[in-house]
Structure formats: structure tokens, C-alpha cells
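Engineer: Take this structure, written in C-alpha cells, and hold onto it; I'll ask about it next.
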Amino acid sequence: MKLRNWQKECVCLALEKYKNNRHFMCLATPAAGKTRMAAVLAKQLKTNGLIDFVICFSPSITVADSIKTTFSEVLDARFDGIIGAVGKSYTYQSMLYLNEEFWEILASYKVLVIFDEIHHCAGDSDGNVNAWGEPILSYIKNKATYTLALSGTPWRSDTLPITLSEYSDSDGKIKCDFVYGLSQAINDKVCRNPNIVLIDNENIIITKKETETQTFTSFIELFNKNIISYSELVQNTTALKYILSRAIDKLKNIRLTNGHAGGLIVASSIEHANNIHKLMTIYFNQDAVVVTHKQTNAADIIKNFRQSQQAWVISVGMISEGTDIPRLQVCCHLSRVKTELYFRQILGRVLRITQTSNEKAWLYTFSEPSLSEFAHRLNQEVPNQNILKNEYFSSIDANNKKLNSHALNDHEYKDDVEEPVISFFDQTDSNSNAKQNVAYIDIIGSFRQQVIATFNSPF
């Protein structure tokens, strides 16, 4: 089996560290091939007689199924947890329902436990642990023969410590045993070179109480004045039509030489996704499908899209981190979630190399201050703004045995929570609720776009 150089180096380094330490953490940029590296490491440990079984945990059913497929292929054995299998792939959510009998396997056998996107699991003590970090501390940390923690974005927006991670004493920055960043991956032709397109407009009019109007010459000016929220802009029909048209044109151009290339639109809610689907299919005459967490066949929809020639998939909380659809090359980031963590995870969906003639990746979003800042510092593997601050721990209530699991597990990662009806609409919006609102947004100026090519690949 041919491995990339970084994968070989990481496997060798992990095997060396496991001689004296049971925990290993790998930071590898999204789309670099973390899962295959982990499977090869597991195979080497199994071949050397150092482990009996492998248990994997990941954030979603789709990712868990992908891990199952890869590990079964690499280890040449079943990975379904049934008698005779070499292991099983679970979601973090299912970890909460595993009983004491299950965890006894760690005491009875030599087990490698792998955590994909470990940043979902927070806490290093009872005082700051979230629901997914708690069983790791209680059942796994001191009992597993070995652990492997993987992440492409190893930080949390809430500044809680990532479970099983070490932080430097001086500045609180996470310490990883192996680091393979995006700039390295681009130079090695492991990942595509990303281009971020920030869409702006020169004439935006906000009308309040029918007579009060304000005019803005850019979205950044608008947002800096706190006139409207970003979630309201991504639902504006005029703005949507423009950004979708730019992304459609880009994908059409790519498909001239790479006919199976696809596009991803990340929506803010199910209603938002359905509205975008109407625009894509009726207004733009595009071949598009919607996939959301509420669809019982969501995994099948993703699988069918991965294997098809269909142009567009519109997602709500389903295709973010870890979901492997290599043919995706164009993305519209229209989620209201504006954390740097989520921004990088979404970008990662279009970075995977497929050895085709056109390997450029494109992400379209609106020119909002935070998103623009994130785009300009993609060359930082762990941005300084997200370093864990030591003073945070002094504010934790020692009597608080477990923090709210909803707030810590899903809040910053999912964009599928429905919001109340927004207060800004296109002036031409036929929604009956529009009359009750106190303000309108009217985008009448010319659109413009700034293309940020963060990395200049020599190839």
C-alpha cells in the first residue's frame, strides 16, 4: 500500500512514541488523508502483536461509515464489531450509551482507541468536561493500551481544553506530536490550492419605519455598524442570486475539463436550503439535491451524490468535517455559523486531490469582517486567536461537575437549528410576515468580488 510521505513519517513517529507513552495526537489539514494513516498505524500495531482490537469514534454516522470502510480495506478484516471482527467504528453520540460491560474490553484486551476530530471532546477534569469528553476521561484515558487523537482544526471556540491534549505552560498553545499543515499539503500536491472569493456590494440601502434610510458602500461597513446580522444577509434573494451565479459559472468552467466535478452549498437551516434549492433548480436550471439531518436516508443521499455526476448538493449540518466527497471543488459558504473552526472545516470539503486536470478549489462567501480575517490567515495551523488561555481555568466552578452538553458538543459545529423569522427582507419579498418587520434591506449597487489566493503553489 503506497502512503504519502507525511503518512509514513507520522506512523513511524507514533510507533516510536508508543514505546513510552500511550497517547499520540496528530494535526493534519483536512483532506490530507488522516483516516488512511490511522488505519495503516493500526495495522502495524496489530501485525506487531501490540493490539488485539481497534475502536474508532467520530462526529457523525457518515464519517463513522467511511472509517469502517477504510479500516476494513486496510486491515483486510471485518470492522463491524461482530465476533471475528478486528474492531468497530462508532459515533461520539453512541459513546454515551455504551454500558460498563462494553468498556471492560479495555481491561481484558490490548485496544487502540482512535478519536477523529478530537476537538469535539472537551475537558481534562470533572470541572470542565463535556458529555463526549467525560467517557474518555472515565473509561479510556488510563485504560486503553494506546490512543490516537486526530484533528484538522485542533481548537475550540469556547476555549475549553481538548480532551487528551497537552498545552504549553507559557502561552497555552496546543502541543501536537505530529503536524502536517495546509501549506505543506499544497506544496506536496496532497491538497488543492484554495481560492477564497469574498462577495461585496457598493450600494446597500436599509429602510426603517418606511421613511428612515441608511446607505452603505460595502457589507463590511454594514456589519461594522451592526445594522443587520450575517444570517439575514445570506437569506437575501438578491445577494443569493449573485453569489450562486458566480459559483455556478465557476463549476461550469471546471466541468469543461473535469466532467464529474461537483459543488457544495452549506445552508443555514432546512428552510434556507429548500429556498436555495428552488433558486438552483427553477431560476438557474441546475441539477441539485438537498441533504439534511432530518432525512432518514441522508447517508444514502450523500453516497449517491459522491458516486454520481450530479452538479450540486445543498447541505444542512451533514457535509462539514470528515465527509469525503473528493469530486467537490466549488463551495458556497452560506451558513450563519462564523467561527474559524467551521470556516476551515467547510473549506476542507473542496481540498481533496483527485488527480484530474483541474485541481483548483473555490470557496464563495460574503465579505464579512470575520470571514475575511479567517481567509487571510489560513497559513496559521492553530491561529493565535484560538490559543487556550490559562486564566480560563480560574473561572471554572469547581462544584460544577459537568457543563451543559448541548452547548459544548454541538453548538459551534452545527448550523441546522431553526431561527425565528428574520426582520429583514427584500422589498419584493412576498412573505406575509414581511409587513410586520421594521426594516428592509435593498441591494441595488453593483456586486464585486475579491479573490484571496492564500497560498502560492510553485506547481
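Engineer: Residues in the stretch 135-148: is at least one at pLDDT below 95, closer than 30 Å to residue 338 by Cβ and touching a Ser or Thr at 6+ places or on another chain (Cβ under 9 Å)?
Structural biologist: No, every residue in the stretch 135-148 fails to be at pLDDT below 95, closer than 30 Å to residue 338 by Cβ and touching a Ser or Thr at 6+ places or on another chain (Cβ under 9 Å).
Engineer: Among the residues that make up the stretch 349-362, is at least one of them surrounded by fewer than 18 Cβ atoms within 10 Å (Cβ to Cβ), under 27 Å from residue 157 (Cα atoms) and more than 16 Å from the chain's Cα centre (by Cα)?
Structural biologist: no
Engineer: Could you give every pair whose Cβ atoms fall below 9 Å, whose first residue belongs to the stretch 47-73 and is closer than 13 Å to residue 86 by Cα, and whose second residue is crowded, with 23+ Cβ neighbours inside 10 Å and basic (Lys, Arg), counting only separations of at least 6 or pairs across chains?
Structural biologist: Short answer, once both residue conditions are applied: none.
Engineer: Closer than 19 Å to residue 450 by Cβ and either of a type in the set (Gly, Ala, Ser) or surrounded by fewer than 20 Cβ atoms within 10 Å (Cβ to Cβ) (or both): which single residue out of 271, 221, 232 fits that description?
Structural biologist: That would be 221, the only listed residue that is closer than 19 Å to residue 450 by Cβ and either of a type in the set (Gly, Ala, Ser) or surrounded by fewer than 20 Cβ atoms within 10 Å (Cβ to Cβ) (or both).
Engineer: Here's something else I'd like to know. For the stretch 67-77, state whether one or more residues are over 19 Å from residue 306 (Cα atoms) and among the basic types (Lys, Arg).
Structural biologist: Checking the stretch 67-77: not a single residue is over 19 Å from residue 306 (Cα atoms) and among the basic types (Lys, Arg).
Engineer: Related question: Can you name the strands (runs of 3 or more DSSP E) wholly within the stretch 238-325 that have at least 3 residues being assigned by TED's automatic domain parsing to the domain that holds residue 442, of a type outside the set (D, E, K, R) and touching a residue at least 40 places away in the same chain (Cβ under 8 Å)?
Structural biologist: 262-266, 312-316
Engineer: Restricting attention to the stretch 333-356, does a residue exist that is part of a strand (DSSP E or B) and in contact with a strand residue (DSSP E or B) (Cβ under 6 Å, 6 or more places away or on another chain)?
Structural biologist: Yes: the stretch 333-356 contains one or more residues that are part of a strand (DSSP E or B) and in contact with a strand residue (DSSP E or B) (Cβ under 6 Å, 6 or more places away or on another chain).
Engineer: Right, residue 82: among the aliphatic types (A, V, I, L, M) and over 22 Å from residue 325 (Cα atoms) or not?
Structural biologist: So residue 82 passes the test.
Engineer: Quick one: which of 354, 339 is under 25 Å from residue 299 (Cβ atoms) and modelled with pLDDT under 90?
Structural biologist: So the residue among 354, 339 that is under 25 Å from residue 299 (Cβ atoms) and modelled with pLDDT under 90 is 354.
Engineer: Just to check your reading of the model, which residue among 82, 105, 55 is within 30 Å of residue 298 (Cα to Cα) and surrounded by fewer than 20 Cβ atoms within 10 Å (Cβ to Cβ)?
Structural biologist: 82
Engineer: Right, something else. Could you check, for the stretch 29-38, whether at least one of its residues is at pLDDT 95 or above, aliphatic (A, V, I, L, M) and assigned to a helix (DSSP H, G or I)?
Structural biologist: Yes, that holds for at least one residue.
Engineer: Give the residue, chosen from 20, 5, that is of a type outside the set (A, V, I, L, M, F, W, C) and closer than 29 Å to residue 355 by Cβ.
Structural biologist: Unique residue meeting the criteria: 5.
Engineer: Okay, next question. Considering each residue of the stretch 39-62, count those that are at pLDDT 90 or above and out of contact with any strand residue (DSSP E or B) (no Cβ under 8 Å at 6 or more places or on another chain), and give that number.
Structural biologist: 7
Engineer: Specify which of the listed residues (8, 46, 68) is surrounded by 16 or more Cβ atoms within 10 Å (Cβ to Cβ), part of a helix (DSSP H, G or I) and more than 20 Å from the chain's Cα centre (by Cα).
Structural biologist: 46
The values are calculated or read from the model by the stated rules, or taken from the named source; none is laboratory data. Fair warning: this is a prediction, and the values are worked out from it, not measured in the lab. We place every Cβ from the backbone using ideal geometry, glycine too, and count neighbours over all the protein chains shown.
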